[in-house]
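Notes follow once the structure below has been shown.
The values are calculated or read from the model by the stated rules, or taken from the named source; none is laboratory data. Keep in mind that this is a model prediction, so the values were computed, not measured. Glycine also receives a Cβ, built like all others from the backbone with ideal geometry; neighbour counts cover every protein chain displayed.
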Ligand SMILES: NC(=O)c1ccc[n+]([C@@H]2O[C@H](COP(=O)([O-])OP(=O)(O)OC[C@H]3O[C@@H](n4cnc5c(N)ncnc54)[C@H](OP(=O)(O)O)[C@@H]3O)[C@@H](O)[C@H]2O)c1
């Protein structure tokens, strides 16, 4: 079998088109959706991510407030800016780019964001709502994007065995919560594996749907995958590549070429899950705007 490609660029464009339409409708109702973004420090990767998020906001008509702060900004100041954003009715979504500098407690900062403006879906109130099956919880963008991809290709996980490798709070755990919901495009039987799982290959071979978010290349190889599996590769890793001008290329967490021979569907890296994450951030922002304006 040779896998069909799940094209994240095409699917994320469809989501962004939908968001742009929703933004127009909100503006017609005198609501300008607005996402406030905070970046503390000089982390190069974070700067790139924040830049991309703001660019994509502009493309769909969402206003972005760009708050860049020096690395030595006190936690108190960060919290006071969040407090002012929480109170500001013209701001609908709040995003604090992680990681924060060491002297700042990420948990305290994330918990300060009003749950109704939690565009990233990381606030414990939203985590709890998602875990308890509340369909109105803001969902973390990456796993929410994976579910949209499955819907786009018409793959209903209901009744299937979904194996998720990785249990981080931003990918693995919310992915498990989303796929195990008693709801459309969910209802899967979910197994969440991690670094302490015994015989990972036996677990991954039993998957109908395999989602990998581990953080290193070739973490899942072809012998760990059964014929016909739907494979979603969340990983983004840099590997040295002298043939590229920038000296590296991006690869995922699965051995793509060999697994593509066995899988029924597979996401590429780049161009797979990555573009979905920002698209879902935009989606969360318009949902927040609609709710806060009393239009939902
Ligand atoms: N496309 C996107 O938009 C997007 C968004 C977020 C993340 N990512 C990428 O996704 C990957 C995972 O990110 P993350 O934030 O979830 O990473 P993370 O917080 O480092 O979590 C990695 C998970 O993988 C597990 N793991 C590590 N080695 C393992 C092994 N040998 N066997 C089984 N499980 C193993 C860890 O287990 P323990 O819990 O036992 O340590 C942990 O649960 C990274 O490549 C990241 O860049 C992409």
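Condition first: on the phi > 0 side of the Ramachandran plot and within 11 Å of the ligand (Cβ to nearest atom). Now tell me which residues in segment 138-159 satisfy that.
Kept after step one, since they are on the phi > 0 side of the Ramachandran plot, are these residues of segment 138-159: 154, 159.
Once the filter is applied, which keeps residues that are on the phi > 0 side of the Ramachandran plot and within 11 Å of the ligand (Cβ to nearest atom), segment 138-159 yields nothing.
Taking segment 174-190 on its own, how many of its residues are outside any loop (DSSP other than H, G, I, E, B) and surrounded by 18 or more Cβ atoms within 10 Å (Cβ to Cβ)?
Residues of segment 174-190 that are outside any loop (DSSP other than H, G, I, E, B), as a first pass: 174-179, 189-190.
Keeping just the survivors that are surrounded by 18 or more Cβ atoms within 10 Å (Cβ to Cβ) gives 174-179, 190.
Adding up the residues that qualify gives 7.
Cβ-Cβ under 6 Å, sequence separation 6+ or interchain: first residue in segment 260-283 and under 15 Å from residue 229 (Cα atoms), partner assigned to a helix (DSSP H, G or I) and within 14 Å of the ligand (Cβ to nearest atom). Which pairs?
That search, which allows pairs on different chains as well, returns 267/273.
What number goes with the only condition from (1) outside any strand (DSSP E or B); (2) within 21 Å of the chain's Cα centre (by Cα); (3) surrounded by 14 or more Cβ atoms within 10 Å (Cβ to Cβ) that residue 216 does not pass?
Evaluating residue 216 over (1) outside any strand (DSSP E or B); (2) within 21 Å of the chain's Cα centre (by Cα); (3) surrounded by 14 or more Cβ atoms within 10 Å (Cβ to Cβ) leaves (3) as the failure.
Does segment 160-181 include one or more residues that are more than 15 Å from the ligand (Cβ to nearest atom), modelled with pLDDT of 95 or more and closer than 25 Å to residue 290 by Cβ? Spell out how you get there, then give the answer.
Initial filter on segment 160-181 (more than 15 Å from the ligand (Cβ to nearest atom)): 160-162, 179-181.
Narrowing the set further to residues that are modelled with pLDDT of 95 or more leaves 160-162, 179-181.
Applying the additional criterion that residues be closer than 25 Å to residue 290 by Cβ yields 181.
Checked against the condition, which is being more than 15 Å from the ligand (Cβ to nearest atom), modelled with pLDDT of 95 or more and closer than 25 Å to residue 290 by Cβ, segment 160-181 yields at least one hit.
Which numbered condition in (1) assigned to a loop (DSSP other than H, G, I, E, B); (2) more than 9 Å from the ligand (Cβ to nearest atom); (3) out of contact with any helix residue (DSSP H, G or I) (no Cβ under 9 Å at 6 or more places or on another chain); (4) modelled with pLDDT of 95 or more is the only one that residue 226 fails?
(3)
Might you let me know whether segment 176-192 holds any residue that is in contact (Cβ under 8 Å) with a residue 60 or more places away in the chain and farther than 25 Å from residue 270 by Cβ?
We begin by selecting, within segment 176-192, every residue in contact (Cβ under 8 Å) with a residue 60 or more places away in the chain; these are none.
No, segment 176-192 has no match at all.
So which residues in segment 10-53 are surrounded by 19 or more Cβ atoms within 10 Å (Cβ to Cβ) and in contact with a strand residue (DSSP E or B) (Cβ under 6 Å, 6 or more places away or on another chain), if there are any at all?
Listed by number, the residues that qualify are 34, 35, 36, 37, 38, 39, 40, 50.
Determine if segment 63-74 includes at least one residue that is under 21 Å from residue 213 (Cβ atoms) and more than 17 Å from the chain's Cα centre (by Cα). Break it down stepwise before answering.
Restricting attention to segment 63-74, the residues satisfying the condition of being under 21 Å from residue 213 (Cβ atoms) are none.
No, because not a single residue in segment 63-74 is under 21 Å from residue 213 (Cβ atoms) and more than 17 Å from the chain's Cα centre (by Cα).
Collect the residues in segment 193-210 that are in contact (Cβ under 8 Å) with a residue 12 or more places away in the chain and either away from the ligand (no atom under 12 Å from the Cβ) or surrounded by 19 or more Cβ atoms within 10 Å (Cβ to Cβ) (or both), keeping them in residue-number order.
193, 204, 205, 206, 207, 208, 209, 210
Inside segment 256-296, can you point out the residues that are in contact with a strand residue (DSSP E or B) (Cβ under 7 Å, 6 or more places away or on another chain), more than 14 Å from the ligand (Cβ to nearest atom) and farther than 30 Å from residue 115 by Cα?
Selection gives 259, 260, 263, 264, 265, 266.
Does residue 263 count as within 30 Å of residue 61 (Cβ to Cβ) and surrounded by 17 or more Cβ atoms within 10 Å (Cβ to Cβ)? Can you show your working first?
Working: within 30 Å of residue 61 (Cβ to Cβ): no; surrounded by 17 or more Cβ atoms within 10 Å (Cβ to Cβ): yes.
Judged against the criteria, residue 263 is not a match.
Looking at (1) touching a strand residue (DSSP E or B) at 6+ places or on another chain (Cβ under 8 Å); (2) more than 9 Å from the ligand (Cβ to nearest atom); (3) part of a loop (DSSP other than H, G, I, E, B), find the lone condition where residue 235 falls short.
Tallying (1) touching a strand residue (DSSP E or B) at 6+ places or on another chain (Cβ under 8 Å); (2) more than 9 Å from the ligand (Cβ to nearest atom); (3) part of a loop (DSSP other than H, G, I, E, B), residue 235 fails exactly one: (2).
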